[in-house]
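Have a look at the structure below before the remarks.
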Amino acid sequence: MVSRIRLFSLVFFCAISVIAQELSPNPEDPANDAEQPEATLKTVAPDLLHQQIRIWTLPAAVVTGHHVLPTVAVLGVTGGLIAADPTTGKFFRRHEDTFEGFSSHFPESVGTTGSLLTPAAFYLTGLIRKDRYMQSTGLFAAEAWVSAEIPNVVLRNAFRRKRPLDFEPNGTFRDTWFKTHGSPFAANGGFPSSHTATVVAVATVVSRRYGKRHKWVPFLAYGLASTIAFSRATTGNHFLSDIFLGGAIGYSVGRFVVLRD
């Protein structure tokens, strides 16, 4: 397994580096969004602090009338999926053999490794090419990863939700909340999906930074993120509501918090 992860990491890093080579060749290219702020190593720590403040003060902003519609929409869809989770969770558990080929290619390490290597590949490729825009994209992607992971760890520890894997295929898949135990740093709960949040956050940064000039970038970025997100259901690690809320958090953090779009 370790050798397989190392091989995947090497191949993935090389692939992202090659893709980065095909993106904007000039940090001063007018096709880049000049209005977007740029990141440097010196700004990462202050930016992360500011981003967490914006994330945790969101409830206050909603109370004062800001972001009400998208917040209600996300909570409404999440609530509907939670109601359907006993049915959908049982479906994926009962059909594990059907998805075995797909799931075997997307273990937990794939999502983590891919979402971490993407920022590194962009930053290092930009560093080698002296492309400041690309370096900044890598730093923004790293910020998005961290900014999405922190609230997910807190929420998973707060809700301590069971995962589909915790049930037998013929189980009820009900009474899932406040049931897991263990170290707070392990974040054993399943709500929301951390892997989905981080991969979507990184995909959102790359898509927003390069999608206007290269129309294929969002399809590739969100396609990979969606594949990893779906694998969280087929492997029994998460209910669909976990995945949806994780994706919503990742998208919001990447676009509105990190890029301040």
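Observations, loosely collected:
- Cα centroid separation, region 220-261 to region 135-175 (Å): 10 Å
- Spread of Cα-to-Cα distances over 5 Å intervals beginning at zero, given as percent, for region 54-258: 1, 8, 14, 18, 19, 16, 12, 7, 4, 1, 0, 0
- Lysines whose Cα lies under 27 Å from that of LYS215, excluding same-chain neighbours fewer than 8 positions away: LYS130
Read-outs: derived from the displayed coordinates by stated rules, not from any lab. Since this is a predicted model, take the numbers as computed values, not measurements.
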